[in-house]
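Undergrad: Below is the structure I would like to discuss, written out as C-alpha coordinates.
The values are calculated or read from the model by the stated rules, or taken from the named source; none is laboratory data. These figures come from a predicted structure and were not determined experimentally. Note: ideal-geometry Cβ built from the backbone for every residue, glycine included; neighbour counts use all protein chains shown.
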(Lines give C-alpha, C1' and ligand atoms only; values in the text may rest on other atoms or scores of the structure.)
Protein backbone atom coordinates (compact mmCIF):
# COMPACT_ATOMS: atom_id res chain seq x y z
CA UNK A 1 0.00 0.00 0.00
CA UNK A 2 1.19 3.50 -0.87
CA UNK A 3 0.51 6.62 1.19
CA UNK A 4 0.42 10.02 -0.50
CA UNK A 5 -0.38 13.47 0.79
CA UNK A 6 -0.95 17.02 -0.36
CA UNK A 7 -0.24 19.14 2.71
CA UNK A 8 -1.72 22.60 2.36
CA UNK A 9 -2.06 25.63 4.59
CA UNK A 10 -5.84 25.24 4.86
CA UNK A 11 -6.48 21.55 4.26
CA UNK A 12 -4.44 18.43 3.77
CA UNK A 13 -5.52 15.63 1.46
CA UNK A 14 -4.19 12.17 2.28
CA UNK A 15 -4.84 9.02 0.32
CA UNK A 16 -3.87 5.38 0.05
CA UNK A 17 -3.25 3.72 -3.29
CA UNK A 18 -2.63 0.21 -4.60
CA UNK A 19 -0.83 -0.64 -7.86
CA UNK A 20 -3.13 -2.75 -10.04
CA UNK A 21 -2.44 -3.71 -13.65
CA UNK A 22 0.15 -0.99 -14.01
CA UNK A 23 -2.08 1.75 -12.58
CA UNK A 24 -2.49 3.29 -9.14
CA UNK A 25 -5.96 2.70 -7.76
CA UNK A 26 -7.20 4.89 -4.88
CA UNK A 27 -8.31 2.95 -1.82
CA UNK A 28 -9.05 5.57 0.83
CA UNK A 29 -8.91 9.35 1.06
CA UNK A 30 -9.45 11.96 3.75
CA UNK A 31 -9.53 15.76 3.77
CA UNK A 32 -8.19 17.07 7.08
CA UNK A 33 -8.11 20.59 8.50
CA UNK A 34 -4.40 21.38 8.62
CA UNK A 35 -4.83 24.12 11.21
CA UNK A 36 -6.14 21.65 13.80
CA UNK A 37 -2.84 19.80 14.09
CA UNK A 38 0.30 20.98 15.88
CA UNK A 39 2.54 18.86 13.66
CA UNK A 40 2.45 16.87 10.46
CA UNK A 41 3.14 13.72 12.49
CA UNK A 42 -0.12 14.24 14.42
CA UNK A 43 -2.06 14.67 11.18
CA UNK A 44 -0.53 11.62 9.49
CA UNK A 45 -0.95 9.49 12.61
CA UNK A 46 -4.67 10.24 12.73
CA UNK A 47 -5.05 9.22 9.11
CA UNK A 48 -3.12 6.00 9.73
CA UNK A 49 -5.37 5.17 12.67
CA UNK A 50 -8.44 5.70 10.50
CA UNK A 51 -7.21 3.53 7.64
CA UNK A 52 -5.50 0.89 9.81
CA UNK A 53 -3.15 0.24 6.90
CA UNK A 54 0.56 -0.47 6.64
CA UNK A 55 2.63 1.03 3.87
CA UNK A 56 5.54 0.19 1.62
CA UNK A 57 6.22 3.73 0.39
CA UNK A 58 5.06 7.30 0.98
CA UNK A 59 5.43 10.74 -0.55
CA UNK A 60 4.05 14.15 0.43
CA UNK A 61 3.71 17.41 -1.45
CA UNK A 62 4.20 20.45 0.78
CA UNK A 63 3.88 24.19 0.19
CA UNK A 64 7.43 25.37 0.81
CA UNK A 65 11.03 24.86 -0.31
CA UNK A 66 12.29 21.31 0.22
CA UNK A 67 15.95 21.21 1.29
CA UNK A 68 17.63 17.88 2.19
CA UNK A 69 14.20 16.21 2.28
CA UNK A 70 12.92 18.63 4.91
CA UNK A 71 10.75 21.72 4.67
CA UNK A 72 9.41 24.51 6.83
CA UNK A 73 5.85 24.84 5.57
CA UNK A 74 5.06 28.26 4.09
CA UNK A 75 1.56 28.63 5.55
CA UNK A 76 1.73 26.33 8.59
CA UNK A 77 3.78 26.28 11.81
CA UNK A 78 5.26 22.92 10.81
CA UNK A 79 8.77 21.69 10.12
CA UNK A 80 8.39 18.52 8.09
CA UNK A 81 11.18 15.95 7.85
CA UNK A 82 11.11 12.92 5.60
CA UNK A 83 13.21 10.92 8.04
CA UNK A 84 10.78 11.53 10.90
CA UNK A 85 7.80 10.49 8.78
CA UNK A 86 9.64 7.38 7.59
CA UNK A 87 10.12 6.28 11.20
CA UNK A 88 6.48 7.00 11.99
CA UNK A 89 5.25 4.99 8.99
CA UNK A 90 7.91 2.28 9.31
CA UNK A 91 9.01 2.59 5.69
CA UNK A 92 12.58 2.84 4.34
CA UNK A 93 12.17 6.47 3.30
CA UNK A 94 9.60 9.20 2.69
CA UNK A 95 10.05 11.58 -0.23
CA UNK A 96 9.03 15.20 0.24
CA UNK A 97 8.14 17.37 -2.76
CA UNK A 98 7.23 20.98 -3.15
CA UNK A 99 3.46 21.02 -3.76
CA UNK A 100 3.86 22.40 -7.27
CA UNK A 101 6.48 19.78 -8.02
CA UNK A 102 3.91 17.17 -6.97
CA UNK A 103 1.33 18.82 -9.23
CA UNK A 104 3.79 18.67 -12.13
CA UNK A 105 4.10 14.90 -11.64
CA UNK A 106 0.32 14.74 -11.38
CA UNK A 107 -0.10 16.12 -14.89
CA UNK A 108 1.34 12.87 -16.23
CA UNK A 109 -1.48 10.79 -14.75
CA UNK A 110 -4.48 13.03 -15.44
CA UNK A 111 -7.11 11.96 -17.94
CA UNK A 112 -7.44 14.20 -21.04
CA UNK A 113 -10.87 15.46 -19.89
CA UNK A 114 -9.30 16.75 -16.66
CA UNK A 115 -7.56 19.52 -18.60
CA UNK A 116 -9.65 22.33 -20.11
CA UNK A 117 -7.98 24.35 -22.87
CA UNK A 118 -8.79 28.07 -22.57
CA UNK A 119 -6.36 29.18 -25.31
CA UNK A 120 -5.41 26.92 -28.19
CA UNK A 121 -1.98 28.20 -29.18
CA UNK A 122 0.47 25.83 -30.85
CA UNK A 123 1.59 23.10 -28.51
CA UNK A 124 5.17 21.86 -28.69
CA UNK A 125 5.49 18.60 -26.77
CA UNK A 126 9.30 18.86 -26.79
CA UNK A 127 9.48 22.13 -24.93
CA UNK A 128 9.33 23.49 -21.41
CA UNK A 129 6.00 23.83 -19.62
CA UNK A 130 5.03 25.93 -16.62
CA UNK A 131 2.38 25.54 -13.96
CA UNK A 132 0.89 28.21 -11.72
CA UNK A 133 -1.55 27.60 -8.88
CA UNK A 134 -3.33 30.16 -6.72
CA UNK A 135 -5.04 28.94 -3.58
CA UNK A 136 -4.12 29.51 0.05
CA UNK A 137 -0.81 30.69 -1.41
CA UNK A 138 0.68 31.06 -4.89
CA UNK A 139 2.70 28.16 -6.26
CA UNK A 140 4.77 28.10 -9.41
CA UNK A 141 6.63 25.25 -11.09
CA UNK A 142 8.51 24.46 -14.26
CA UNK A 143 8.59 21.24 -16.27
CA UNK A 144 11.86 21.31 -18.18
CA UNK A 145 12.49 19.44 -21.42
CA UNK A 146 16.06 18.11 -21.40
CA UNK A 147 16.04 16.86 -24.99
CA UNK A 148 14.66 13.43 -24.16
CA UNK A 149 12.14 13.81 -21.37
CA UNK A 150 10.37 16.26 -19.11
CA UNK A 151 11.35 16.67 -15.48
CA UNK A 152 9.64 18.91 -12.89
CA UNK A 153 11.39 21.59 -10.91
CA UNK A 154 9.81 23.54 -8.06
CA UNK A 155 10.14 27.28 -7.60
CA UNK A 156 9.16 29.74 -4.89
CA UNK A 157 8.24 32.39 -7.45
CA UNK A 158 5.03 33.26 -5.63
CA UNK A 159 7.10 35.01 -2.97
CA UNK A 160 9.00 37.17 -5.48
CA UNK A 161 8.26 40.91 -5.62
CA UNK A 162 5.18 41.96 -7.55
CA UNK A 163 5.65 44.69 -10.15
CA UNK A 164 2.66 46.71 -11.46
CA UNK A 165 2.48 47.68 -15.12
CA UNK A 166 -0.55 49.98 -15.33
CA UNK A 167 -1.39 53.19 -13.47
CA UNK A 168 -4.19 51.41 -11.62
CA UNK A 169 -1.81 48.65 -10.58
CA UNK A 170 0.77 51.24 -9.47
CA UNK A 171 -1.91 52.70 -7.17
CA UNK A 172 -2.69 49.19 -5.97
CA UNK A 173 0.99 48.62 -5.17
CA UNK A 174 1.04 51.75 -3.02
CA UNK A 175 -2.20 50.65 -1.32
CA UNK A 176 -0.74 47.22 -0.52
CA UNK A 177 2.66 48.61 0.49
CA UNK A 178 0.96 50.67 3.19
CA UNK A 179 -0.34 47.40 4.65
CA UNK A 180 2.63 45.07 4.03
CA UNK A 181 6.40 45.30 4.38
CA UNK A 182 6.83 43.44 1.07
CA UNK A 183 4.35 43.27 -1.79
CA UNK A 184 4.81 39.80 -3.25
CA UNK A 185 2.76 38.21 -5.99
CA UNK A 186 1.20 35.91 -3.38
CA UNK A 187 -0.18 38.90 -1.46
CA UNK A 188 -2.56 39.35 -4.41
CA UNK A 189 -2.71 35.97 -6.12
CA UNK A 190 -4.15 33.89 -3.30
CA UNK A 191 -7.49 33.64 -1.60
CA UNK A 192 -6.71 36.51 0.75
CA UNK A 193 -5.92 38.79 -2.19
CA UNK A 194 -9.58 39.22 -3.18
CA UNK A 195 -10.57 41.22 -0.12
CA UNK A 196 -7.51 43.46 -0.50
CA UNK A 197 -8.40 44.25 -4.11
CA UNK A 198 -12.06 44.77 -3.17
CA UNK A 199 -11.03 47.28 -0.47
CA UNK A 200 -8.70 49.01 -2.92
CA UNK A 201 -11.39 49.42 -5.58
CA UNK A 202 -14.14 50.57 -3.22
CA UNK A 203 -13.49 50.53 0.54
CA UNK A 204 -17.05 51.72 1.23
CA UNK A 205 -18.71 48.77 -0.51
CA UNK A 206 -18.77 46.15 2.24
CA UNK A 207 -20.77 42.94 2.13
CA UNK A 208 -22.22 42.00 5.56
CA UNK A 209 -20.29 38.72 5.52
CA UNK A 210 -16.98 40.64 5.49
CA UNK A 211 -17.54 41.44 9.18
CA UNK A 212 -17.66 37.77 10.17
CA UNK A 213 -14.12 36.51 10.94
CA UNK A 214 -15.30 32.94 10.33
CA UNK A 215 -16.37 33.64 6.74
CA UNK A 216 -13.90 33.63 3.85
CA UNK A 217 -14.71 36.69 1.70
CA UNK A 218 -13.06 35.28 -1.44
CA UNK A 219 -15.94 32.95 -2.48
CA UNK A 220 -18.46 35.72 -1.80
CA UNK A 221 -16.56 38.14 -4.04
CA UNK A 222 -15.96 35.69 -6.87
CA UNK A 223 -19.54 34.40 -6.83
CA UNK A 224 -20.97 37.93 -6.93
CA UNK A 225 -18.54 38.79 -9.73
CA UNK A 226 -19.51 35.80 -11.85
CA UNK A 227 -23.20 36.51 -11.25
CA UNK A 228 -22.57 40.23 -11.94
CA UNK A 229 -24.57 41.25 -8.86
CA UNK A 230 -21.89 43.55 -7.43
CA UNK A 231 -19.95 46.02 -9.61
CA UNK A 232 -17.08 46.20 -7.10
CA UNK A 233 -16.79 42.41 -7.12
CA UNK A 234 -16.80 42.38 -10.94
CA UNK A 235 -13.98 44.93 -11.00
CA UNK A 236 -12.12 42.98 -8.31
CA UNK A 237 -12.19 39.74 -10.26
CA UNK A 238 -11.23 41.51 -13.49
CA UNK A 239 -8.16 43.07 -11.84
CA UNK A 240 -7.24 39.81 -10.11
CA UNK A 241 -7.40 37.89 -13.40
CA UNK A 242 -5.33 40.58 -15.15
CA UNK A 243 -2.59 40.20 -12.54
CA UNK A 244 -2.83 36.40 -12.56
CA UNK A 245 -2.47 36.27 -16.34
CA UNK A 246 0.45 38.70 -16.24
CA UNK A 247 2.26 36.58 -13.65
CA UNK A 248 1.63 33.44 -15.72
CA UNK A 249 3.12 35.27 -18.69
CA UNK A 250 6.17 36.22 -16.61
CA UNK A 251 6.66 32.58 -15.64
CA UNK A 252 6.24 31.43 -19.24
CA UNK A 253 8.60 33.97 -20.78
CA UNK A 254 11.31 33.34 -18.20
CA UNK A 255 11.26 29.66 -19.09
CA UNK A 256 10.30 29.86 -22.80
CA UNK A 257 7.41 27.53 -21.99
CA UNK A 258 6.23 26.70 -25.50
CA UNK A 259 4.86 23.41 -24.18
CA UNK A 260 2.02 25.11 -22.32
CA UNK A 261 0.85 27.11 -19.33
CA UNK A 262 -1.11 25.01 -16.84
CA UNK A 263 -3.34 26.75 -14.28
CA UNK A 264 -3.92 24.61 -11.20
CA UNK A 265 -5.15 25.27 -7.67
CA UNK A 266 -8.62 25.55 -6.20
CA UNK A 267 -9.39 29.09 -7.36
CA UNK A 268 -9.01 28.32 -11.08
CA UNK A 269 -11.74 25.69 -11.06
CA UNK A 270 -14.13 28.04 -9.29
CA UNK A 271 -13.59 30.93 -11.72
CA UNK A 272 -13.28 28.82 -14.87
CA UNK A 273 -16.00 30.82 -16.63
CA UNK A 274 -13.96 33.99 -16.15
CA UNK A 275 -10.70 32.36 -17.21
CA UNK A 276 -12.34 31.27 -20.47
CA UNK A 277 -13.45 34.76 -21.55
CA UNK A 278 -10.05 35.70 -22.99
CA UNK A 279 -8.98 38.22 -20.35
CA UNK A 280 -6.42 35.90 -18.75
CA UNK A 281 -4.90 34.88 -22.09
CA UNK A 282 -4.64 38.53 -23.16
CA UNK A 283 -2.85 39.46 -19.94
CA UNK A 284 -0.32 36.66 -20.54
CA UNK A 285 0.87 38.32 -23.75
CA UNK A 286 1.16 41.93 -22.55
CA UNK A 287 4.95 42.14 -22.27
CA UNK A 288 7.53 44.58 -23.58
CA UNK A 289 8.62 42.08 -26.25
CA UNK A 290 7.78 38.55 -27.39
CA UNK A 291 4.03 38.95 -27.04
CA UNK A 292 3.72 37.07 -30.33
CA UNK A 293 5.58 34.11 -28.80
CA UNK A 294 3.42 34.12 -25.69
CA UNK A 295 0.26 34.20 -27.82
CA UNK A 296 1.32 30.87 -29.37
CA UNK A 297 1.52 29.08 -26.01
CA UNK A 298 -1.54 26.94 -25.20
CA UNK A 299 -3.16 27.50 -21.81
CA UNK A 300 -4.94 24.80 -19.80
CA UNK A 301 -6.89 24.73 -16.56
CA UNK A 302 -6.29 21.66 -14.39
CA UNK A 303 -9.79 20.59 -13.35
CA UNK A 304 -8.76 17.79 -11.00
CA UNK A 305 -7.82 19.44 -7.71
CA UNK A 306 -6.27 16.14 -6.61
CA UNK A 307 -3.39 16.53 -9.06
CA UNK A 308 -0.79 17.12 -6.28
CA UNK A 309 -2.03 14.05 -4.41
CA UNK A 310 -1.91 11.92 -7.56
CA UNK A 311 1.55 13.23 -8.36
CA UNK A 312 2.83 12.36 -4.88
CA UNK A 313 1.32 8.88 -5.19
CA UNK A 314 3.04 8.43 -8.57
CA UNK A 315 6.42 9.39 -7.13
CA UNK A 316 5.89 7.11 -4.11
CA UNK A 317 5.09 4.19 -6.41
CA UNK A 318 8.36 4.74 -8.30
CA UNK A 319 10.36 5.00 -5.09
CA UNK A 320 8.72 1.94 -3.68
CA UNK A 321 9.90 -0.34 -6.49
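Undergrad: Is one or more of the residues making up the range 130-146 surrounded by fewer than 16 Cβ atoms within 10 Å (Cβ to Cβ) and modelled with pLDDT under 95?
TA: yes
Undergrad: Are any residues in the range 163-180 within 14 Å of residue 197 (Cβ to Cβ) and part of a loop (DSSP other than H, G, I, E, B), and if so, which ones?
TA: 164, 166, 179, 180
Undergrad: Of the residues 153, 93, 184, which is outside the structural domain of residue 259 (by TED's automatic domain parsing) and in contact (Cβ under 8 Å) with a residue 12 or more places away in the chain?
TA: The unique qualifying residue is 93.
Undergrad: Can you tell me which of (1) in contact with a strand residue (DSSP E or B) (Cβ under 8 Å, 6 or more places away or on another chain); (2) assigned to a loop (DSSP other than H, G, I, E, B); (3) more than 24 Å from residue 75 (Cα to Cα) is the one residue 151 doesn't meet?
TA: For residue 151, the exception is condition (2).
Undergrad: From 312, 252, 257, 248, grab the single residue that is at pLDDT 95 or above, crowded, with 18+ Cβ neighbours inside 10 Å and assigned by TED's automatic domain parsing to the domain that holds residue 15.
TA: It is 312.
Undergrad: Of the residues that make up the range 72-93, is at least one assigned to a strand (DSSP E or B), modelled with pLDDT of 90 or more and surrounded by 15 or more Cβ atoms within 10 Å (Cβ to Cβ)?
TA: Checked the range 72-93: at least one residue is assigned to a strand (DSSP E or B), modelled with pLDDT of 90 or more and surrounded by 15 or more Cβ atoms within 10 Å (Cβ to Cβ).
Undergrad: Pull out all pairs, ordered by first then second residue, where Cβ-Cβ is under 7 Å, the residues are six or more apart or on different chains, the first lies in the range 9-22 and is closer than 15 Å to residue 54 by Cα, and the second is assigned to a loop (DSSP other than H, G, I, E, B).
TA: Hits for this filter: 16/1; 16/53; 18/1.
Undergrad: Could you please find all residues in the range 46-60 being farther than 11 Å from residue 90 by Cβ, under 28 Å from the mean Cα position of the chain (by Cα) and surrounded by fewer than 19 Cβ atoms within 10 Å (Cβ to Cβ)?
TA: Those that are farther than 11 Å from residue 90 by Cβ, under 28 Å from the mean Cα position of the chain (by Cα) and surrounded by fewer than 19 Cβ atoms within 10 Å (Cβ to Cβ): 46, 50, 51.
Undergrad: A follow-up question, please. For residues in the range 43-68 being outside any helix (DSSP H, G or I) and touching a helix residue (DSSP H, G or I) at 6+ places or on another chain (Cβ under 7 Å), which is farthest from residue 1 (Cα to Cα)?
TA: Per the stated criteria, the residue is 63.
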